[in-house]
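Below: the structure, in structure tokens.
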């Protein structure tokens, strides 16, 4: 299997993301910020069709976001972070500006890159050009199928593939994939009996009931999810070493 060693081995755990859109960027930023002060060693691998993170299918255009800039910071504890980035990047922006989607994509890409550099050497980020076709939890890990010669072995998988009506999620919870993935409030997928999975998660519009959620709501999802992965996957693994 491609990826980290099986649980119990010596390699750092791998947290994989299916999809490289804004939901993944926000969740990866939140995870890196939540775990680095604990000096947890792990890798984030983003599996995206185009090998990019922060763009998704709709952050390439000049269409304007429906939310003003003052609400779009990737850092909930630094609400002016986007405005600071805009000033340093030469982008005209006030708290009331409705930014073009492509500009917000630039912001997310730059912020994720900077956060990953800050998190080194404990955590690392890799973006691979690959599409997740399916995944299943087995024997304390997740087998992630990408159509390559070997599946990726991950300690956790976060599904962030966007609107389920546009792209069917690579895993399923429930009878109708177009309705999105059922999750607990913190983002763990719910199994057939309504029990939260320990290694399968979702964030953003792919979650059931969140298709039309604005960016601030997705950022709040990302913060809760980061805490959950930190507690149930990364810290528990560190305690077992």
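We did not get these values from a lab; they are worked out from the coordinates using the rules stated. Treat the numbers as computed from the prediction; the structure is a model and nothing was measured. Ideal geometry is used to build each Cβ from the backbone, glycine not excepted, and the neighbour counts take in all protein chains shown.
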Within a Gaussian network of the chain (alpha carbon springs, distance under 10 Å), most fluctuating of 118, 85, 37: 37
Percentage relative contact order, the stretch 108-200, counting C-alpha pairs under 8 Å, at least six apart: 18
Solution diffusion estimate, µm²/s, Stokes-Einstein, the stretch 170-223, Kirkwood Rh from C-alpha pairs, 37 °C, viscosity 0.692 mPa s: 293
For the chain, built as a Gaussian network whose Cα springs stay under 10 Å, the top-fluctuating residue of 162, 191, 148: 148
P(r) histogram, all alpha-carbon pairs of the stretch 45-151 included - 5 Å bins from 0, percent: 2, 11, 17, 19, 15, 15, 10, 6, 4, 1, 0
GNM result for the chain, Cα springs below 10 Å: residue of 219, 55, 64 fluctuating most strongly: 64
Residues 138, 197 arranged by fewest to most Cβ contacts within 10 Å: 138, 197
Expected 222 nm ellipticity per residue - DSSP helices of 4 or more, -39500 (n - 2.57), all of the chain, to 500: -8000 deg cm²/dmol
Relative contact order for the stretch 5-144, counting Cα pairs under 8 Å that sit 6 or more residues apart, in percent: 33
All-pairs Cα distance distribution in the chain, expressed in whole percent, bin size 10 Å: 8, 35, 37, 17, 3, 0
Sites residue 195 and residue 98, calculated FRET efficiency, Cβ-Cβ separation with R0 41 Å, nearest 0.05: 0.50
Residue 77/residue 172 FRET efficiency (R0 41 Å; Cβ-Cβ; nearest 0.05): 0.70
Normalised alpha carbon radius of gyration of the stretch 129-241 [divisor 2.2 N^0.38 Å]: 1.04
Percent of Cα pairs exceeding the 16 Å cut-off, where the set is the stretch 144-183: 42
Degrees separating the helix 22-35 axis from the principal Cα axis of the chain, which is the longest one: 70
Nearest 10 degrees, 0 to 90: helix 215-229 Cα axis against the chain principal axis: 30
0 to 90° range, to nearest 10: angle between helix 101-119 axis and the chain longest Cα axis: 50
Estimated FRET transfer efficiency when R0 is 35 angstrom, pair residue 63-residue 208 (beta carbons, to 0.05): 0.85
Euclidean distance of C-alpha centroids, the stretch 170-233 and the stretch 46-121, integer Å: 22
